[in-house]
Each structure stands twice: as structure tokens, then as C-alpha cells.
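Heads up, the thing below is written out as C-alpha cells.
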Amino acid sequence: MLEIKLVRENLERVKTAMENRGTAIDWNAFLKHDSRRKKVLSELEELRRQRNRVSDQVAEMKRNGENADSIIEKMRDVSTTIRGLEKELSEYEAAIDEMVMTIPNIPHDTVPVGKDETDNPVVNLVGEPPSFDHKPLPHWTIGEQLGILDFARAAKITGARFPLYLGAGAGLERALINFMLDLHTQEHGYREVLPPFIVNRHTMTGTGQLPKFEEDLFKLEGLDYFLIPTAEVPVTNIHQGEVIDASRLPIAYTTCTPCFRSEAGSYGKDTRGLIRQHQFNKVELVKFSRPETSYDELESLLDNAETVLNRLELPYRVITLCTGDIGFSAAKTYDIEVWMPSQDVYREISSCSNFEDFQARRANIRFKEKGKKGTRLVHTLNGSGLAVGRTLAALLENFQQPDGSVAIPKALQPYLGGLKRIESY
RNA sequence: GGAGAGGUGGCCGAGCGGCUGAAGGCCCCGCUCUCGAAAAGCGGUAUCCUGCCAAAAGUGGGAUCGUGGGUUCGAAUCCCACCCUCUCCGCCA
């Protein structure tokens, strides 16, 4: 959520930002509601002032044992008028609120202007795509041949876009999770958490998934609860409504949770394999930072995520999302894309964003400095460190061997009991 | 699921329908004392909206005591609904 004052006072800047994003906003309606709200508010406040004065008078008279009936009678009408204006005001406020809640964040100055993903500049290219004598197989074929992935049975159990890992596949997923969490907690200074996987509407609104993107979520029937689409939601909301002591900042959390996405509107895309699933595991990095240092924190968060790929010896590149491709709540986002040999492309495996105070305003997360007056909103950041299913897919594809087995990178071997390659079951 | 207790500022906690934006304490800030610190004393210290002002400062007004309704000239205080926390009982991995 943007600050309404900022919108009002920097309308041209906000307009430009929204144009760069390709987001259409009905500014006229916004301004109309805003000016009406102001008018009603000042009328209302004048009447309330009157009422407060008279109430004091009544109190005074009653204390002196005088009769106040005539004034009370007069105030009855004023009270009715106040009630009417209050109703009108709350209607304007609701309308404005609804609009403000659907306005996305303003991209940071360093975010390149562009219309879609084709305009995202590559900022870093790491590692060499492996060369193969044969045409590299897609990970789903490798996984099925090795007997470690079984999409047909998963479909039988639930439906399309669900995974079933077996044997060394399940072990590999678990090894990746442990490897990533150990790396972030032991070397990068994150504190491990394990949050609820189901959250309420208020929490979903705090991080920006609601009200605009309800169709992307799985909702529990009969309850106002949702399955989390990312750990960002419950972990950022850990400090919802809190005032954090400035000396504790920055706060860094890591977690691994399943993520549930309806993938509405993605019919026909990535229909095979682990790339686009309704349920997948993701290790997440979340930070709460002072505004002054949040962009440094973004760089280090990105570096922490990249370290996972470096240790796993996977080739990847980093791109900056342009204004037309950046997410609703983010002010700046880097995507890390891993090399997928079977498709001959880089695929997103991590998204690292600074939300500045956009989420903090919605979720009311502030900090206070000793000796200073008032509270300020924190900046929130998060990034995948990494999407586990996609990492597993990338491993299978990049480390596939001519004999059909898959080699295990050194960093991961201790997590698999020393296993050096996965062979057919 | 049943019974009870409770949600008040950065934190703890008091609060009779009107003199309570809210006692008292802690934290923090300033001053006094001190070579300095501690202790002690004095003073200050919530947030948001809005008018005046170019702006800051200042000053005027309004709102805010879990959330939303209601009663009333007037609600932290009374009534209703919901949310959350705690205790006991039941069930249960």
C-alpha cells in the first residue's frame, strides 16, 4: 500500500510509475473521492466540535445540579446529522481504501523501464552451461527412468501439477532442503523459523496477495483461511502490528515450507515436470531492515541465494526485472535463473525483492529508535533461497550422465550419506 | 466441543457514563546535582487525520482503549456480534 498522502502530493510521479508498470488506474475517480472525503470530513469535524463543547456544558450543568434538557434536545438533531455524515465519510474512505490497496508499489529509480520480460537486463552470468554428446533429456524423463519421480501416480492421487518423489528423489529433495537451510543459518546468519502453512485474510492482505490476487490462492472451504503461496506471507507477518526495537534490525529469517498456488491462467504452460506445480517446497529468506540500508540488504540477500547455486555448481544468470515485469508489491526485484539444458534456456529459480515500506505499511510493521520520537516503518525484503523442486530439476538435467545416472555435486554428497550418483532403482 | 477470565500507550498497569488522551510505574530525552558516572530531584515523552503557515516550528480542531455495530446530548466505561489470548473439562496426533 502506498501512503495516500504520497499519492496525493506526488501524483505526477506516481502516475508515471504506474504507466511504466503498465498499470491503469482511474485517477479521476481517486481524486474525486479524495476531495469529497475531505469536504465531508471538515463538515463532520465542525459538528463534532460543537457536540463536544455542548457535552462539556451539559456535564458542567449536571454537576451544578442545573437542568440541561433544552440543550440536550437541541443536540439530538446535531447527533443525527453527525451519524449521517459519518456513514457518508466511511463510504468514501472505503472506496479510497479499495483503490489504494490495488495500486502497486513504485519501482525504485534503478529499475529499468520496460514493457515485459523481454526488457529485463542481465546483470550477472555465472558458470558455463554443460555440453552434452547427446541431446540432454528433460528432468521428468530422467526422473521417471530412474524411478525417483512419478507424475502419473501423483495425478492419480490428486490431479495434474502435483509431484510424487520416490526413493533417492525424495532423499534428494530433503538433502537440498537441509543443505540450503544449513548454509543460510550457519554461514549467512539467518534464524530458522517454521511458520503455519495456512493463514488468515488479514495476513494475506499484509503482504499484498489480497485483495487483488485471490484467484491465485487456494482457500479453505467454509473458513477465511488460505494455503500459503510462499513463506514470505507467514514469515513477513511474524512482526505484523509490532514496533521493533531499532537495535534488533536487521532481522533475517529463513524457512522451508511447501507453497500452494492455483496457477490459474497458466494452462498449457510447463505442463510437464517440476517447473510449475500446485505444491512445491521453497526455502525462503526474509529480512526486516532500516530504510537506509534496505538496498544493501537486497544485495546481500541476492548473494546468499546465489551462493546456493555456486555450491551446487549450477550455471545461472541474474536479471533485474523491468518496470513492466516487476511484481505488485516490489520496488525492485532480481530474478536468478538457472540453466535448463533440455530447454536450452535459463529458468527462474529465485526472486529477490525489496518491498521498501509497501508491505510494512499494510502489515503495520514499525521500528523505534531509542531516544528518538515516534516510530517509522521498516523495509521488508525476501527472496527464494531457493525453490527446491526447480533446483532438483536443474540438478537432474545439468548432471545427467550418458549412462542415464545423475551425478551429485560435492556439496550435497554429505547430505545423501556420501552418495555420488543416483542410479536406476 | 463445554465452562470461566481477559484484551487499555514503546512496555507493565489503573480506570466511577461527563472534570480521562487516559492515574501510577518502567523505558527514553532534557535539566539540576557531580571532575565524570550512578543515585536522587525537576520537567518532558502515544499515534493518525485535518485547518492556518511556502515549509519546518508552532498553533487550532477531530479521531483512536482488540474489531464491527448499537444505546446516549455524551462511551475506554453500558448492550450485541465477531476475533484473539489464558485457565479448567472433554476429545485427540
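Near the amide H of A:Leu149, under 5 Å away, which other amide H atoms are found, from residues 5 or more places off or on another chain, if H is placed in the peptide plane?
Those lying under 5 Å, H to H, from A:Leu149 are A:Glu144, A:Leu166.
So if each residue of separation counts as 0.36 nm, and I subtract the Cα-Cα distance between A:Asp56 and A:Glu348, what length gain in nm does that give?
98.6 nm
Taking 8 Å as the Cα distance limit and 6 or more residues as the minimum spacing, I'd like the relative contact order of region A:117-422 as a percentage.
The normalised contact order for region A:117-422 reaches 24 percent.
Using only Cα atoms, what Kirkwood radius does region A:26-100 have, in angstroms? Working shown, then result.
Numbers: mean 1/r = 0.0710 Å⁻¹.
Over region A:26-100, the inverse of the mean reciprocal pair distance is 14.1 Å.
What is the magnitude of the charge dipole of chain A about its Cα centre, with +1 placed on the Cβ of each Lys and Arg, -1 on the Cβ of each Asp and Glu, and no other charges, expressed in debye to the nearest 20?
My answer is approximately 980 debye.
Using 0.36 nm times the number of residues separating A:Arg76 and A:Asn200, minus their current alpha carbon distance, what extension gain do you get? Could you put the intermediate results ahead of the total?
Numbers: separation 124, 0.36 × 124 = 44.64 nm, distance 4.12 nm.
Net length gain for the segment: 40.5 nm.
Within region A:320-350, what residues put their amide N at less than 19 Å from the label point 7 Å along the Cα-to-Cβ vector of A:Leu125?
A:320-322, A:335-349
If packing is taken as the average number of other Cβ atoms within 10 Å across a peptide's residues, how do A:86-94, A:382-390, A:104-112 rank, most packed first?
A:382-390, A:104-112, A:86-94
Residue by residue, what Karplus-based ³J(HN,Hα) values in Hz, rounded to whole numbers, does region A:320-335 have, using 6.51, -1.76 and 1.60 with θ = phi - 60° and x for Gly and Pro?
Ordered by residue, 3J(HN,Hα) equals 9, 6, 7, 4, x, 10, 6, x, 3, 8, 7, 9, 7, 9, 9, 9 Hz.
Over region A:207-343, what is the relative contact order in percent, taking alpha-carbon pairs closer than 8 angstrom and at least six residues apart?
Worked out over region A:207-343, it gives 20 percent.
I'd like the Karplus ³J(HN,Hα) series for region A:155-164: coefficients 6.51, -1.76, 1.60, θ = phi - 60°, whole numbers in Hz, and an x wherever there's a Gly or Pro.
Each residue's phi maps through the Karplus curve to give 5, 5, 5, 10, x, 5, 6, 10, x, 10 Hz.
Along Cα→Cβ, 7 Å out, is where each label goes; now give me the distance between the ones at A:Ser247 and A:Arg36 in nm to one decimal.
Distance between the two pseudo-spin positions: 5.1 nm.
Take the Cα pairs of region A:136-178, get the Kirkwood Rh, then feed it into Stokes-Einstein at 10 °C and 1.306 mPa s and tell me D in µm²/s.
In µm²/s, the coefficient rounds to 148.
Holding the Cα-Cα limit at 19 Å, pick out from A:Lys5/A:Lys39; A:Lys115/A:Lys332; A:Lys287/A:Lys332; A:Lys269/A:Lys332; A:Lys212/A:Lys282 the pairs that are longer than that.
A:Lys269/A:Lys332; A:Lys212/A:Lys282
What net charge is computed for the residues neighbouring A:Ile25, neighbours being all others with C-beta under 11 Å from the C-beta of A:Ile25, Lys and Arg scored +1, Asp and Glu -1?
0
Counting Lys +1, Arg +1, Asp -1, Glu -1, what net charge surrounds A:Leu396 among other residues with beta carbon under 12 Å of its beta carbon? Don't jump to the answer; show the numbers that get you there.
Working: positive: A:Arg390, A:Arg421; negative: A:Glu144, A:Glu173, A:Glu397.
Once positives and negatives cancel, what remains is -1.
Using θ = phi - 60° and the Karplus curve 6.51 cos²θ - 1.76 cosθ + 1.60, what whole-Hz ³J(HN,Hα) does each residue of region A:103-113 get, with Gly and Pro shown as x?
Values per residue, Gly and Pro as x: 7, x, 5, 7, x, 5, 4, 7, 7, x, 7 Hz.
For labels at A:His134 and A:Ser90 in the simple 7 Å Cα→Cβ model, what's the distance in nm?
Distance between the two pseudo-spin positions: 6.9 nm.
Can you give the direction-averaged projected area of the convex hull of the alpha-carbon atoms in chain A, in nm²?
Projected area, direction-averaged: 26.5 nm².
So, in nm, how far is label A:Asn10 from label A:Lys219 when the simple model puts each one 7 Å beyond its Cα toward the Cβ?
So the label points at A:Asn10 and A:Lys219 sit 3.4 nm apart.
When the chain is fully extended, how far beyond the present Cα-Cα distance does A:Glu46 get from A:Asn67, taking 0.36 nm per residue of separation?
Taking 0.36 nm per residue and subtracting the Cα distance, the gain is 5.0 nm.
Bear in mind that the values in this text are calculations on the coordinates, not laboratory data. Quick caveat, the model's predicted, so the values are computed rather than measured. Neighbour counts are summed over all protein chains in view; Cβ atoms, including those assigned to glycine, are modelled from backbone coordinates with ideal geometry.
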